[in-house]
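Please treat every number below as a calculation from the coordinates, not as lab data. Keep in mind that what you see is a predicted model, and the values were worked out from it rather than measured. Cβ sites come from the backbone with ideal geometry, for glycine too, and all protein chains shown count toward neighbours.
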Amino acid sequence: MVMDMTKHDRLETLPCGSLVQHGQYNDRVYLMKATDAAAAKLPKRLIGLAQNQGYGKIFAKIPLRMGKEFETSGFLQEARVPGFFNGSEDALFMAYYLDDLRAKESESVNYENIMKLAKAKRNSGIATAKGAGFSFRRCQESDVSAMAKIYQKVFASYPFPIHESDYLLETMRDAVDYFCAEKEGVMVALASAEKYQQDSNWEMTDFATLPKWRGHSLGVRLLDLMENEAVRQNVKTVYTIARAASAGMNITFARLGYHFGGRLKNNTNISGQIESMNVWYKSPEK
């Protein structure tokens, strides 16, 4: 199965059943879901795909039990999330660089300074959040046009086509819940929870606040709302892959007690360029 995503990378199911996203947009192969079928051959298959297409990086999200096969093939661990799969098996976020420059970060000092700011705010919660006069709710299918307009204004680029209302509607009908903040009935901020029910984990992602309304802690409040829903549905692990250069997003997750899992170097095309991403995770509080 192959699905073209126009300007974006495409999703493809490999013969072994593993799901990958790849293309020049992110200049990478992203192993989104690995199957046990032909697991020993999977690393070489991914390397061959990346070499044939001239990509600079392979990013693989795999269960711990596959780690040795990937390490033997030259993959490096960049992040780890305990209990990612049903609360019982860790996930490894592995990288393979075909372009040496892709493995070098020019903003590493800035990233470390942002991490210091985030860790200083850890577990501060939402008690001091502003956000007065805003309302928060789950988005409906009728909201997709307004949602797309916000994403168009906030992100110059994004690894998935969230700028398109048709894509938002498709994902909403599949396994993504979107939540919004409103001011006097007008949508001003968004976030989403990508639900992987089979593995009992949710990815908290797609945070976007219109420039006029930044500084009101809307991201923290949306995250708290999504976590409450995750608790209600007995989800075992919640996590995010956040821009390493965004102090606000890293502080948001630290404030609600997330743990830092590692940094994915030069990983994702977001806000107009390839950026490094930080992995944060936690077990929702019951």
Stokes-Einstein diffusion coefficient of the stretch 5-146, Kirkwood radius over Cα pairs, 10 °C, 1.306 mPa s, in µm²/s
88
What base-10 log of the normalised intensity I(q)/I(0) is obtained for the chain from the Debye formula, alpha carbons as equal point scatterers, at q = 0.08, 0.15 Å⁻¹?
-0.32, -1.24
In a shell of Cβ-Cβ distance under 11 Å around A244, excluding A244 itself, what net charge do Lys and Arg (+1) and Asp and Glu (-1) give?
-1
Highest-MSF residue in the chain out of V109, V238, V81 [GNM, Cα springs under 10 Å]
V109
Need one number: nm distance between label points at K149 and E89, each 7 Å from Cα along Cα→Cβ, rounded to one decimal.
4.6
Rounded to the nearest 20 debye, dipole of the chain from Cβ charges on Lys, Arg, Asp, Glu
760
Could you give the nm distance between label points at D100 and C16, where each point is 7 Å from its Cα heading toward the beta carbon?
2.9
The simple spin-label model distance between N113 and K183, using points 7 Å out along Cα→Cβ, in nm, is 2.8
What are the residues whose amide H is under 5 Å from the amide H of R243, where those residues sit 5 or more places off or on another chain and H is modelled from the backbone?
N278
Taking other Cβ within 10 Å of each residue's Cβ, how do S142, S200 sort, fewest first?
S142, S200
Largest fluctuation, L218, L168, L49 only, Gaussian network model of the chain with Cα springs under 10 angstrom, belongs to L49
Mind checking the full-extension length gain between S135 and Q24? Use 0.36 nm per residue of separation minus the Cα-Cα distance, one decimal, nm.
36.0 nm
Express in whole angstrom the spacing between the alpha-carbon centres of the stretch 1-71 and the stretch 170-196.
28
Could you work out which residue, out of R102, R138, R232, moves most in a Gaussian network model of the chain, that is, has the largest mean-square fluctuation with Cα springs under 10 Å?
R232
When W213, W280 are arranged by how many other beta-carbons sit within 10 Å of their Cβ, fewest first, they go W213, W280
Residues with beta-carbon under 11 Å from that of H259, excluding H259: net charge, scoring Lys, Arg +1 and Asp, Glu -1?
+4
Count the net charge of all other residues whose Cβ sits under 11 Å from the Cβ of A40, scoring Lys and Arg as +1 and Asp and Glu as -1.
+2
Find how much the distance from L76 to E194 grows on full extension, using 0.36 nm per residue of separation minus their present alpha carbon separation; answer in nm with one decimal.
39.9 nm
Using the count of nearby Cβ atoms within 10 Å as a rough guide to exposure, how do V235, V186 rank from fewest to most?
V186, V235
